[in-house]
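Data block below; observations after.
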Amino acid sequence: KVAIKGIERELICPACKELFTHPLILPCQHNVCHKCVKEILFAFEDSVADGGSESSNQSSPRIRVSASSMDRIDRINRSGIKRNSLTPRSTLFPCPSCQRDIDLGERGINGLFRNFTLETIVERYRQAARAAIAIMCDFCKPPPQESTKSCMDCSASYCNECFKIHHPWGTAKAQHEYVGPTTNFRPKILMCPEHEMERVNMYCEICRRPVCHLCKLGGGHANHRVTTMSTAYKTLKEKLSKDIEYLISKESQVKAHITQLDLLLKETECNSEIAKQEASQSFEKLYHVLEEKKSAALRAIETSKNIRLEKLQTQVEEYQGLLENNGLVGYAQEVLKETDPSCFVQTAKQLHVRIQKATESLKSFRPAAGTTFEDFVVDTAKQEDVLGDLSFHSNGLEIPEINEEQSRMYNKALISWECPGKTDSADIYVLEYHKLNKEEESVTWQKTEVCGKSKVLCDLDDDSSYAFRVRGYKGSICSPWSREVIMRTPPAPVFSFLFDDKCGYNNEHLQLNPKRTSVESRAGFPLLLGSERLQVGCYTTLDYIIGDTGIAKGKHFWAFNVEAYSYLVKVGVVPSNKIQKLFHNTHDVTSPRYEQDSGHDSGSEDAFFDSSQPCTLVTLGMKKFFIPATPAAPKDPASRILPLPSCLGICLDCDRGRVGFYDAGHMKCLYECEVDCSGLMYPAFALMGGAAVHLEEAVTAKYREYHDNI
């Protein structure tokens, strides 16, 4: 038999850390007090309703929502799960044992079973712990007598006399079941919590809980595999008995493991003391170095002070000698009293030189020494940063590397990193970043902790460069900082729009995806028929498409990708008053006569280009970016052809009347020109032949650092 006092650890509620009181069995098979479940749900719901604030976590002095639970509350808020905050019967419950969010179903607490077996064991433990404390009769007049038996039907304890009075012979109460004195009253029949009038008579093998026949017929267990209660009882009892017998048979092995663990405990204590001594010695060395530096600095300041005081004191004495009847002047006055010319001349010559020097010094007064000690200011900014990063470094933690290909700068910043060994040995990562500013002498890093390998950052300044670095932590051990990566934000706020599928959209030549974020030029059979009707030397038409949202004022930026196989794509902006001209342009079908640099009508191409274009566009295609031929452009045509960036951006400044075309990957301006912004401006695109354009997807708050394992 197992001693009842040896199992106290199994009888403690994980929430209140006290002996179970009316424990409930959760779907995860853990037990929690009925009162604790209600309090946790109230605290959990209030925290979700208040956004997980600390002030809402003080609803119960007995229960505290743990930090991990608060993390899950924050995660639920971000995931957009809507829950009723006016009642504690929530669909989700944060289990304090397994730290998971458990679905309690629509009935909430009412759908949970009481663990009567655990209640009985807890009651036996209480009786063993308070063997000297008697259970008193519930019906005696004061003073109450010690009870001799408890009635399971009445849920009360009686002394012999009170039991006879309340259970008279020959009545129905005489048939009540009575046991020894106890405070644990359990029902004779276990009823279904979902169908309160039905007793449980089956066991669901999927949900691992007792059910009634109504649960099986039309309830939540209709399609589950169930077995009879007697079969489940026999099967589970046999399994549990076999497992217990196996553990008991391995008692010597368990004791050996306990002995080994005891040795490890002592070894851990010893090693921790050694580590403390080594850490203390390291800091003592730093203290010693700092003390030496401090003493040297103070000595240098003291020496400089003494030298300056000596110089100033000497200068004070010299000027005091210039006072009447004092020092040099007094001596000169005495010399003037000499009447013998020979003696006077002998003394006065040298004295006159001294008087002249004193006069000159009086005209150009300058202190002999400065009073400031600016040269003795100790700059400890770098050392403070180094000491701030002082931590336990371990070769076991890999240095993370920021993945510049997966990181993005758009409406928000998405910073991703990975470990070279492809192993996630760190428990948490710390991402630091700061804005690059040449005017600031000291750098202030902003810090954020991340549980995963990516982080979305908001509220970064536009048209600014930022430096990023990351390091991993495992307990108190950290890895060195990663290599700093510099990324630049867009030159203006990001403008969101979709392709317009109504205004001038040619669905025979162009194909939009369902989200209207991608457009593709279909060079199919209709295009071949159109080309067959054209004369030799002519080109097919451009198919235009615009954005569904216009810009009236301000500065805006948008980005897109052009497929590498695209033959010809034009991108830019078009004013609202020229949209009709754009879609009905008679010069869409062009010939070499009107083509720039064709050699025909030399000298008139630029004039034709400027007057005939209804919008401001640049040409892309065949993996190239073509800078338009303008007076400010390079004369050599080859120098106007640039490699096509993987991602292009357009920045429209309506207030200044300028539009710029950017390499969006590095936020580098490739070409900028003036544009008439008198009307509403729309993003414009033109495609010819096989081509495709994809609008850049906005960076959303992807919290990949949270891994749910529910």
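Quick notes on this structure:
- Segments classed as strands (runs of 3 or more DSSP E), wholly inside the stretch 513-610, with at least 2 members that are modelled with pLDDT of 80 or more and more than 22 Å from residue 624 (Cβ to Cβ): 555-562, 568-575
- Single condition residue 473 does not satisfy, out of (1) open to solvent by 30 Å² or more (accessible area, probe 1.4 Å); (2) assigned to a loop (DSSP other than H, G, I, E, B): (2)
- Candidates 337, 294, 311, filtered to the one that is outside any helix (DSSP H, G or I) and of a type outside the set (Gly, Ala, Ser): 337
- Residue that is hydrophobic (A, V, I, L, M, F, W, C) and in contact with a helix residue (DSSP H, G or I) (Cβ under 7 Å, 6 or more places away or on another chain), where the choices are 256, 222, 232: 222
Yes or no, residue by residue, for (1) open to solvent by 80 Å² or more (accessible area, probe 1.4 Å); (2) assigned to a helix (DSSP H, G or I); (3) small (Gly, Ala, Ser):
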site	(1), (2), (3)
252	yes, yes, yes
256	no, yes, yes
266	yes, yes, no
270	no, yes, no
275	no, yes, yes
282	no, yes, yes
289	no, yes, no
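- In the stretch 110-138, the residue that is least open to solvent (accessible area, probe 1.4 Å) out of those that are assigned to a helix (DSSP H, G or I), at pLDDT 80 or above and among the aliphatic types (A, V, I, L, M) is 122.
- Here residue 655 fulfils each of the conditions (1) closer than 21 Å to residue 563 by Cβ; (2) outside any strand (DSSP E or B); (3) of a type outside the set (Phe, Trp, Tyr) apart from (1).
- Of all residues in the stretch 102-126, those that are out of contact with any Pro (no Cβ under 6 Å at 6 or more places or on another chain), of a type in the set (S, T, N, Q), touching a residue at least 12 places away in the same chain (Cβ under 8 Å) and closer than 11 Å to residue 25 by Cβ total 0.
- Filtered by the rule that a residue be outside any helix (DSSP H, G or I) and open to solvent by 40 Å² or more (accessible area, probe 1.4 Å), the stretch 142-160 gives 142, 143, 144, 145, 146, 148, 153, 154, 155.
- The single condition among (1) more than 50 Å from the chain's Cα centre (by Cα); (2) closer than 18 Å to residue 120 by Cβ that residue 210 does not satisfy is (1).
One line per residue, one yes/no per condition, for (1) open to solvent by less than 90 Å² (accessible area, probe 1.4 Å); (2) assigned to a loop (DSSP other than H, G, I, E, B); (3) on the phi > 0 side of the Ramachandran plot:
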| site | (1), (2), (3) |
| --- | --- |
| 140 | yes, yes, no |
| 162 | yes, no, no |
| 165 | no, no, no |
| 173 | no, no, no |
| 183 | yes, yes, no |
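The values are calculated or read from the model by the stated rules, or taken from the named source; none is laboratory data. The structure presented is a predicted model; accordingly, all values stated were derived computationally and were not measured. For neighbour counting, all protein chains shown are included, and Cβ atoms are generated from backbone atoms with ideal geometry for every residue, glycine included. Keep in mind that these areas ignore ligands, DNA and RNA; they rest on the heavy atoms of the full protein, side chains included. Shrake-Rupley method; radii C 1.70, N 1.55, O 1.52, S 1.80 Å.
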